[in-house]
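The values are calculated or read from the model by the stated rules, or taken from the named source; none is laboratory data. Small disclaimer: the values here were computed from a predicted structure and weren't measured. Cβ sites come from the backbone with ideal geometry, for glycine too, and all protein chains shown count toward neighbours. Accessible surface areas use protein heavy atoms only, side chains included; no ligands, DNA or RNA. Shrake-Rupley method; radii C 1.70, N 1.55, O 1.52, S 1.80 Å.
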Amino acid sequence: MAKIIVVTSGKGGVGKTTSAAAIATGLALRGNKTVVIDFDVGLRNLDLVMGCERRVVYDLINVIQGEAGLNQALIRDKRTENLHILPASQTRDKAALTPEGVEKALETLSQEYDFIVCDSPAGIEHGAQLAMYFADEAIVVTNPEVSSVRDSDRILGLLASKTRRAERSEPPVQEHLLITRYDPNRVTSGDMLTLEDVREILAINLVGLIPESEAVLRASNQGVPVVHDMDSDAGKAYADTVSRLLGEEVPLRFYGYQKKGLLSRMFGGGRR
Amino acid sequence: MKLLEFLKRERKKSASVAKERLQIIVAHQRGERDQPDYMPMLENELLEVIRRYVQVDQDAINISLDRDNDCSVLELNVTLPRDE
């Protein structure tokens, strides 16, 4: 039986797809059979971030409608063994995403994979609720910024009431906080919420801290999940996050003030 | 003296303002979380009825539902405007 993990946030643009891609890749690199599913029907982007946009033939909606088998729709990742991508439909109507269809697809995948990572769309509507409905664990991606934190709290409310686990009174969805785009220098100057502030307000367990990093844009430009870039702070931070998800104790990194050297001041180097 | 106070005064950091605002709004959101779905509608309709008789603002009305073990209490607080 696979563990189903939803990557969600409420607010858009906080790094859900980047995180889903990096975490799914990280899990596969650690030897777990992993599939990452894009639930953003109409606005698919996971295929771009994973670098497989030209290999999409069938998608999740085709599978749900019975127009293609799961094996036809699943895309094998080129770089990473044990990793598959199930893209969202770009053209179909969101209503085609039915709970029964999703349940059936997840059940079948569950037989074969260790982890199913669901990349949720932004918002709290149909698609987002369906992405979280069957989850065992949730990664709530949050930027240290007021609207993102507030939306994350709304999502926590939904996770506690609108999931299968909640409806069946099973043990609740395990919630993890992932803080992204963290800028230690702005935190030090008092213009960004600290990680303790965000953790205290949302009151859930912190699974990872991803610093603001140029490597993230570089990675999505190239269609290579940032966790492959182990020279970068963000790549290392995602690898740490994956280790924590697997139950290992890893100390936090990249939350301290970074002094800029003379050269990077002159030539404008930022966080790697 | 005034000048000294002005110089000593420390500008409040924006992050701590953000934290205070978030603590308030999140506490409010969590209070609403456990309420039944009909509460916002009930609130609006009660406000409508009251407005038929007295002109009150949206924030002049406060409704809360407290649940104890075997009974629930619906509390309605309306601040009426002073008679002109």
Checklist outcome for this item: With Cα coordinates, the longest principal axis of chain A makes an angle with the long axis of helix A:99-112, in degrees rounded to 10, of 80 degrees
Item to check | Spatial separation of Cα centroids for segment B:61-84 and segment A:1-50, in angstrom | outcome: 45 Å
Checklist entry - Regarding chain A, what whole-number volume in Å³ per residue does the convex hull of its Cα atoms give? => result 125 Å³
Item to check | Solvent-accessible area per residue for segment A:1-63 (1.4 angstrom probe, square angstrom) | outcome: 33 Å²
Checklist outcome for this item: Rounded to the angstrom and largest first, Cα extents along the principal axes for segment A:58-187 equal 49, 39, 30
Checklist entry - Per residue of A:213-222, how many C-beta atoms from partner chains lie within 10 Å of its own C-beta, taken as a mean? => result 0
Checklist entry - What angle do you read, to the nearest 10 degrees and between 0 and 90, between the alpha-carbon axis of helix A:233-245 and the longest principal axis of chain A? => result 50 degrees
Item to check | Options A:Gly13, A:Asn32, A:Ile61, ranked by Cα towards positive dipole end of chain A, top entry (Cβ charges) | outcome: A:Gly13
Item to check | Entries of A:Lys11/A:Lys33; A:Lys16/A:Lys259; A:Lys33/A:Lys104 with Cα pairs more than 27 Å apart | outcome: A:Lys11/A:Lys33; A:Lys16/A:Lys259
Checklist outcome for this item: Here the percent of antiparallel bridges among DSSP beta bridges lying wholly in the protein assembly as shown, to the nearest 5, is 25 percent
Checklist outcome for this item: Between A:Val36 and residues 5 or more places away or on another chain, the pairs with built amide H atoms under 5 Å apart involve A:His84, A:Ile85, A:Leu86, A:Val117
Next on the checklist: Counting protein heavy atoms only and a 1.4 angstrom probe, how many square angstrom of accessible surface do chains A and B bury in total, to the nearest 100?
Outcome noted: 1400 Å²
Next on the checklist: If you roll a 1.4 angstrom probe over the protein chains with everything in place, what fraction of the accessible area of the protein assembly as shown belongs to carbon and sulfur, to the nearest %?
Outcome noted: 48 percent
Checklist outcome for this item: Ignoring GluC sites (Glu not before Pro) buried by more than 13 other Cβ within 10 Å or outside DSSP loops, the longest site-free run in chain A is A:126-247
Item to check | Per DSSP, loop trypsin sites (Lys or Arg not before Pro) in segment A:124-214 with at most 10 further Cβ within 10 Å | outcome: A:Arg168
Next on the checklist: Per residue, how much accessible surface does segment A:136-266 expose to a 1.4 Å probe? Answer in Å², no decimals.
Outcome noted: 47 Å²
